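Beneath this line is the structure, given in structure tokens, with notes to follow.
The values are calculated or read from the model by the stated rules, or taken from the named source; none is laboratory data. As the structure is a prediction and not an experimental result, all values here were calculated from the model. Every residue, glycine among them, receives a Cβ derived from its backbone with ideal geometry; neighbour counts consider all protein chains shown.
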4 protein chains.
Amino acid sequence: MRTGIWLVGARGSVATTVLAGAAAIRADGAPPTGCVAELPDFAGAALPELSDLVFGGHDVVDVSLGKRAEHLVRAGVLPASTAQLVAGDLEAADAELRLADPDAGNTGPQAAEIERLVDDLSGFRARHELGPVVVINVASTEPPCSPQPAHRNLAALETALCGRSPVLPPSSLYAYAAFQAGCAFVDFTPSTGARLPALHELSLRTGQPYAGRDGKTGQTLLRSVLAPMFAQRGLNVLAWSGTNLLGGGDGATLAGQGAAASKNAAKRRVLERNLAGRVDGEVHIDYVPALGDWKTAWDHVLFEGFLGARMSLQLTWQGCDSALAAPLVLDLARFTAAACRAGAAGPVPELAFFFKDPVGDVPHDLATQYAMLRDWVPR
Amino acid sequence: MRTGIWLVGARGSVATTVLAGAAAIRADGAPPTGCVAELPDFAGAALPELSDLVFGGHDVVDVSLGKRAEHLVRAGVLPASTAQLVAGDLEAADAELRLADPDAGNTGPQAAEIERLVDDLSGFRARHELGPVVVINVASTEPPCSPQPAHRNLAALETALCGRSPVLPPSSLYAYAAFQAGCAFVDFTPSTGARLPALHELSLRTGQPYAGRDGKTGQTLLRSVLAPMFAQRGLNVLAWSGTNLLGGGDGATLAGQGAAASKNAAKRRVLERNLAGRVDGEVHIDYVPALGDWKTAWDHVLFEGFLGARMSLQLTWQGCDSALAAPLVLDLARFTAAACRAGAAGPVPELAFFFKDPVGDVPHDLATQYAMLRDWVPR
Amino acid sequence: MRTGIWLVGARGSVATTVLAGAAAIRADGAPPTGCVAELPDFAGAALPELSDLVFGGHDVVDVSLGKRAEHLVRAGVLPASTAQLVAGDLEAADAELRLADPDAGNTGPQAAEIERLVDDLSGFRARHELGPVVVINVASTEPPCSPQPAHRNLAALETALCGRSPVLPPSSLYAYAAFQAGCAFVDFTPSTGARLPALHELSLRTGQPYAGRDGKTGQTLLRSVLAPMFAQRGLNVLAWSGTNLLGGGDGATLAGQGAAASKNAAKRRVLERNLAGRVDGEVHIDYVPALGDWKTAWDHVLFEGFLGARMSLQLTWQGCDSALAAPLVLDLARFTAAACRAGAAGPVPELAFFFKDPVGDVPHDLATQYAMLRDWVPR
Amino acid sequence: MRTGIWLVGARGSVATTVLAGAAAIRADGAPPTGCVAELPDFAGAALPELSDLVFGGHDVVDVSLGKRAEHLVRAGVLPASTAQLVAGDLEAADAELRLADPDAGNTGPQAAEIERLVDDLSGFRARHELGPVVVINVASTEPPCSPQPAHRNLAALETALCGRSPVLPPSSLYAYAAFQAGCAFVDFTPSTGARLPALHELSLRTGQPYAGRDGKTGQTLLRSVLAPMFAQRGLNVLAWSGTNLLGGGDGATLAGQGAAASKNAAKRRVLERNLAGRVDGEVHIDYVPALGDWKTAWDHVLFEGFLGARMSLQLTWQGCDSALAAPLVLDLARFTAAACRAGAAGPVPELAFFFKDPVGDVPHDLATQYAMLRDWVPR
């Protein structure tokens, strides 16, 4: 029985890289670099094979995956030879993607929109006779959503969803629909997704697992290994400052203060949890269109050692966002599918390894998160 | 019963910082920044208090500690106020330091020199009615020593030591004398120290623990957390290049190819153990006199992600060598004294956390090393 | 006949470093590192000697210069030995500094306050039988001042100054008083100073030169040599992004959006003038208190070469603000005094070499600015 | 009358980029980014147009330019679309390239080899009815050549060339042949080329100009603007350290101590000329195969300011060697052709702007070099 992956934002750079990459690995047996599930530590794990994954998804644009892949070739994300190799697969994948109405959740009761999404998911499962289906949000980051009383419990939410005014942001509509359709939900972005008490309740009631939030691909990944190092050496971090330069759609979205707020809060939390206290220093996210799909993150750590000696560490991380994110999306699909098979419901804290802002009261250092994942995975 | 610390190279920058720092912490209760033994994780551990340590040592120069402290103030290592505060303590410490003859081990049988060192150590213990005594090598790095048959077992070594030609490098004479005098031995430098089969045998016969080698204070410390990160994320490190700029005595010594060789081998080993294979890239150690006691290490990591995307990480670490090393020397003194009290003999692999080139077949990632230390410490 | 230097903000870090440094160079003949006027290119120039300078000034605080020097020693700006050496000079200098009332310009007609300042300047000149007197603003950066009709010409300004409401920001009151008292005026900060049409008129009428604004000590200095390099090589700068981390009083002031605005505009202008067009990229100024008097500036330049190849340059500048600024303040005092002697009135564009935001339509590349200065200086 | 460019190493990465780039600019009118001759400052200069250049050359390998272009596409140097666009041009260019025998200069008298080269050059000129022909060496860097008496004057050299033992390195054979055939010679590499007294004599006798040596494309370019900045600000550079990571054929060649020696000497000379004295610091060139045609250069400058304050600047330059070099090769072709037309013979110091190690006693700061070029160019 195969595993379904439903990508929200299925024609974005990350999703296109996921689709092209999965096809390329299948087609020419290239090494699945960046895929955690393929490490020796997970050799005996009960995870679906990459070749057992079936992809579908929604997007608000309908440019073909082939066109998107061409863009990624020009941007230096996909090798031209890979794009050629998987052209057929992408055309086939196009057939499984559905056009989403960007205004769907704003007009009329949101319950109706959820129903449409549930139908799409159920159709996808039936068509391919799928076992577990995992819905993964890789769409653009939403601005933070303002709290509403209807978010607090499922009964109130159900009532509100039948009213005229929108009550859930798009990412949460998808989480709702996923649970309703018997699917797991993973939020790879800092959007709200399943992080509302009412949706938590629904995940438990429908017996579906969820995980998130915000894939840890660069600056925060580094912080999650370096902050513990300072702590374990008793070095006193005085200020941790950072600047991110990024292009692409995500850069444009995050340069807006609103959308960056939740991302920055997560970056800060990683430091504070690991360093046991407040740490000075700003984080900037600058939109630099010419960087395209690439990003550069500079971090400056000022710390104090023995007898007050002032020292510093600087880091520059230059990466391709889609290439960093795509293998983690594949990993999350496979690990979450395993959680489904193992009957997990509600949050899966053992997936904290993948996220900037993990669900639950979990450790924030990467080494412990890795050990948790390795020890938890069903075998 | 107090704990004795015998510093080899007792008037060097590291040792002077150790002595001044220990006195300052005692005197004004300043926070012992950089001391691992003072972290909450070690709150209940059976470690000697900083105030229970008694210091002695050898050096080949006899400039007073007060003069050395003035130099460290000018170099920005010691605050002027600290130097003033501890002037009396340093004068008292001067009285416990013995002048070493730099040529002692080269003329006449080395057995005689060992006897003199044993006498100094025994006198130190008796004078202060000490419990455990830990000999710590913080002298200049030696060039690698060429293997000799007499290194292979203790009987052969004992015979050779009575001969005319020198058979042991200075650091190993100290290790021999330490074990003979019933002391533990710690090598904070990349020198040979106790790392010979014959000395291993002696440590077991005399029931003394030893640890080393080469304190992990900067570039290698970073590598021991970053290399595991790349490994756990399945990212393929293509090349890890590094340049170290350092002044001070250590810079002058290490700029000579010979002395740097063992250091570089250790830096490389950390990468290879963590990344499971050979990694391209050179390491340079440049002597930049104007840097004084400060060092700058630049690392460039070229790595490959999903579908072969080439990405990079750069690091610049700017630190004060003595300020980074001194608290670790205090930690090693205390942890090794605890090992003595617990009856340990031979290598103590649980101290790998502190070293570039730890004894034994131990993990090379910092997080596991820290957990080993925490779980091992007697309580 | 000696030259007078009147420092506005005379007890700040920059001014204290100026005073201590000038005294130290006189006292022990230390090389005047960082002083442009001492370069071989200016060997025959008709500039006052460092030993001919007499210092006075205003500040709104009255902590003694000796205390300020102690602070700078702790901050690693002044060597302890220098502070000791010049303790007597600083005490003498204290006698020439006057306490300024921070609210003086806000209550009652500003004309009265100007009169008081003119009295102080005239007294200073008479007391020391000075030739030229140069007033230099090294006080904290002001927020940008809102334009007022009275700024447009001198007659209107004179009327307004007699009214109840304040019409000039403090830096401009000093410029006014300077011209009125027959002194030159230099603005080392991004404040308004003499940059108003009415004050320009006054400088011409009183026959006094002025220069400014905002000393070019780090990031902008680098930009003024690197931007021309890209231009002269035909390389296409796509984005120039920068982050400044700074502590000290200036950091606190500039972290406020308002005060940073004029600084950032100047940084941007240097790029645009040198690169002949708009350049993408943000500049951030972060206040990092633990940095004290030190600053770290990171710049990232993304550029395009032949056939569209994307390349980058990164820079990290780590400097001590006061040590960078102080010798330039001494230079400006001496070059401006020479301009006075040569009968210059109004702006002195040949001093553009020293400023982020120079007066007049001048070249913005450092090499040309240097040549202008060298060719202009009276000999 | 058209201008001929004869490339030595015509199938290398730089030459292939030159050929593809010149064709692409002609074909689609893309902006000639990185071409100095196209800057507004050179608008009225009497330079041959890019479309007037005719290319020929030698190489020791005979892989087709099309294959080489494919490699450059995979390496991210050439856009795939450019390679497609110019495929026909490259095929045509193949026809003008001649296979060189790598051992030609080692067997038999070198005079015979020179004759063959002269024939190739003369044939090239005749076939295309060319005006000036410029021979440009873009082959791999040679090891430094050992001085021989025959290098000292032309008469001795002519005799030696008829002997059995080789007397000139390959780059100098090309310089000889160029002058003999009435062509100018430019050395874009650090090889010996025309830098021998005997060849200087020949250039004057045949009335041909020459220029070199070693194109200034990265680290040295930066040094030639930053070192003057430190000098003009009176800042005291204590140490300038650098590490270069490069892949490609040049990386492999330069990682060998011998070949790097002349390059490092040139990098050092730029500092010493600009900073008026010896400067501490090493330069390393590391071969990192995975970098391919890209290079990363890190520079660390330690400098001293007012009152001895220690400060630093770090730079990381990440560039594509071929993309940086190719437009300069086109520039040198055009400027040198203009020198030919103007009747210049012997070295052309006004081309110092392009070289690490320029001929003659010329200024070493980029700004002055640029002004020299601009003021010299025939109009």
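The criterion of being over 22 Å from B:Leu7 (Cα atoms), facing another protein chain (nearest Cβ under 8 Å) and in contact with a helix residue (DSSP H, G or I) (Cβ under 9 Å, 6 or more places away or on another chain) holds for B:Pro79. In this structure, is A:Tyr210 away from chain C (no Cβ under 14 Å), in contact (Cβ under 8 Å) with a residue 40 or more places away in the chain, of a type outside the set (Lys, Arg) and assigned to a helix (DSSP H, G or I)? It is false that A:Tyr210 is away from chain C (no Cβ under 14 Å), in contact (Cβ under 8 Å) with a residue 40 or more places away in the chain, of a type outside the set (Lys, Arg) and assigned to a helix (DSSP H, G or I). Taking the residues in the stretch D:24-47 that are surrounded by fewer than 21 Cβ atoms within 10 Å (Cβ to Cβ) and outside any helix (DSSP H, G or I) as candidates, determine which candidate is nearest to the other protein chains (Cβ to nearest Cβ). Here the residue is D:Leu39. Taking the conditions (1) buried (at least 21 other Cβ atoms within 10 Å of the Cβ); (2) more than 18 Å from the chain's Cα centre (by Cα); (3) without any contact (Cβ under 8 Å) to a residue 24 or more places away in the chain in turn, D:Met372 satisfies each one other than (1). If you go through the stretch B:62-74 one residue at a time, how many are in contact with a strand residue (DSSP E or B) (Cβ under 8 Å, 6 or more places away or on another chain) and either of a type in the set (A, V, I, L, M) or not assigned by TED's automatic domain parsing to the domain that holds B:Gly131 (or both)? The number of residues fulfilling the criteria is 1. A single entry from A:Thr217, A:Thr243, A:Thr189, A:Thr253 fulfils the requirement of being more than 30 Å from C:Pro289 (Cα to Cα) and not in a helix (DSSP H, G or I): A:Thr189. Among the conditions (1) closer than 30 Å to D:Gly292 by Cβ; (2) assigned by TED's automatic domain parsing to the domain that holds D:Arg341, D:Gly207 misses just one, which is (1). Entry remark, the stretch B:252-296: residues being among the aliphatic types (A, V, I, L, M), buried (at least 24 other Cβ atoms within 10 Å of the Cβ) and within 14 Å of chain A (Cβ to nearest Cβ) number 2 in total. Listed by position, the helices (runs of 4 or more DSSP H) inside the stretch A:75-153 whose residues that are in contact with a strand residue (DSSP E or B) (Cβ under 7 Å, 6 or more places away or on another chain) number at least 1 are A:87-94, A:110-128.
Applying the criterion of being of a type in the set (Lys, Arg) and within 16 Å of D:Gln369 (Cα to Cα) to the residues of the stretch D:268-278, the residue that is modelled with the lowest pLDDT is D:Arg269. Among the candidates B:Leu90, B:Leu50, B:Leu72, the residue that is surrounded by 17 or more Cβ atoms within 10 Å (Cβ to Cβ) and either touching a Lys or Arg at 6+ places or on another chain (Cβ under 7 Å) or of a type in the set (Val, Ile, Thr) (or both) is uniquely B:Leu50. Scan the stretch A:199-220 and give yes if some residue there is surrounded by fewer than 21 Cβ atoms within 10 Å (Cβ to Cβ) and more than 22 Å from A:Ala342 (Cα to Cα), otherwise no. Scanning the stretch A:199-220, I find no residue that is surrounded by fewer than 21 Cβ atoms within 10 Å (Cβ to Cβ) and more than 22 Å from A:Ala342 (Cα to Cα), so the answer is no.
Within the span defined as the stretch D:111-124, every residue fails to be assigned by TED's automatic domain parsing to the domain that holds D:Leu330, in contact with a Pro (Cβ under 8 Å, 6 or more places away or on another chain) and surrounded by 14 or more Cβ atoms within 10 Å (Cβ to Cβ). Hey, could you check the stretch A:82-91 for residues that are of a type outside the set (Gly, Ala, Ser) and under 26 Å from the mean Cα position of the chain (by Cα) and say which is nearest to the other protein chains (Cβ to nearest Cβ)? Here the residue is A:Thr82. Taking every residue in the stretch B:223-236 that is at negative phi and facing chain A (nearest Cβ under 7 Å) and pairing it with any residue that is polar (S, T, N, Q) and not in a helix (DSSP H, G or I), at least 6 positions away or on another chain, the pairs with Cβ-Cβ distances below 8 Å are B:Leu235/A:Thr33; B:Asn236/A:Thr33. All conditions but one from (1) free of Cβ contacts under 8 Å to residues at least 12 places away in the same chain; (2) out of contact with any strand residue (DSSP E or B) (no Cβ under 6 Å at 6 or more places or on another chain) apply to C:Ala309; the one that does not is (2). Name every residue in the stretch B:298-337 that is more than 7 Å from every other protein chain (Cβ to nearest Cβ), of a type outside the set (D, E, K, R) and surrounded by 24 or more Cβ atoms within 10 Å (Cβ to Cβ), in order of residue number. The answer is B:Val301, B:Ser322, B:Ala325, B:Leu328, B:Val329, B:Leu330, B:Leu332, B:Ala333, B:Phe335, B:Thr336, B:Ala337. Of everything in the stretch B:1-18, what is aliphatic (A, V, I, L, M), within 21 Å of the chain's Cα centre (by Cα) and away from chain A (no Cβ under 12 Å)? Give them in sequence order. Answer for the stretch B:1-18, where residues must be aliphatic (A, V, I, L, M), within 21 Å of the chain's Cα centre (by Cα) and away from chain A (no Cβ under 12 Å): B:Ile5, B:Leu7, B:Val8, B:Ala10, B:Ala15. Residues A:Thr107, A:Thr17: which one is at pLDDT below 95 and of a type in the set (S, T, N, Q)? Of the residues listed, the single one that is at pLDDT below 95 and of a type in the set (S, T, N, Q) is A:Thr107. Do we have B:Val60 as more than 9 Å from chain A (Cβ to nearest Cβ), over 16 Å from the mean Cα position of the chain (by Cα) and within 23 Å of B:Asp101 (Cα to Cα) here? Yes. Cβ-Cβ contacts under 7 Å between residues 6 or more apart (or on different chains), taken from a first residue in the stretch C:96-115 that is more than 18 Å from C:Ala156 (Cα to Cα) to a second residue that is β-branched (Val, Ile, Thr) and modelled with pLDDT of 90 or more, are listed as C:Ala100/C:Val60; C:Pro102/C:Val60.
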